[in-house]
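Where a number appears in this text, it was derived from the coordinates with a stated rule and is not lab data. Worth saying up front: this structure is predicted, and the values here are computed from it rather than measured. Cβ coordinates were reconstructed from backbone atoms using ideal geometry, including for glycine residues, and neighbour counts include every protein chain displayed.
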Amino acid sequence: MPKYTFDNAPAPKVIVIPAQDGSKHAMLDWIRKSSQNADVTMSVCVGSYIPAKTGLLSGKPATTFHRAYDDFASSFRGIQVKRGARFADAGNVASSGGLSSGIDLALHVVERYFGRDATRETAFYLEYIRVKAG
């Protein structure tokens, strides 16, 4: 059982939004508010719809699951949809394509905090061959 609610959760430094259909008002408000002080808000797969709905991706590059490109682009016209990108990093907000692309983005965030050597070691430990974003 969760220990916190949106009302009493400690301030996060990293917010990870997984693939989901959720868009409850309380969640969107919490993400919008918490993202102001977080180091990064990142989404995986169609989780990109959530920061898009909050306005966090407006005017920024973003990506999503490849089968959702057209819908995402037509639903959020102010977002620069990066088709074919493993992930898109816009500083304090980032998005990735499908599941394995989310691993690439997570390793990218690990590198921000701990450097390239720690990231290589993490990828090796996971037996994950890292693909560089293009």
What is the distance in Å between the Cα centres of segment 38-62 and segment 64-84? 12
Note, ³J(HN,Hα) from phi for segment 88-93, Karplus 6.51, -1.76, 1.60, rounded to Hz, x at Gly and Pro: 10, 10, 10, x, 8, 9
Going by amide H atoms built from the backbone, whose H comes under 5 Å of the H on residue 15, apart from near neighbours? 40, 41, 42
Burial order of peptide ranges 88-99, 116-127, 58-69 (average beta-carbon count within 10 Å, highest first): 88-99, 58-69, 116-127
Would you work out which of 59, 30, 41 lies farthest towards the positive end of the dipole of the chain? Charges go on Cβ: Lys and Arg +1, Asp and Glu -1. 59
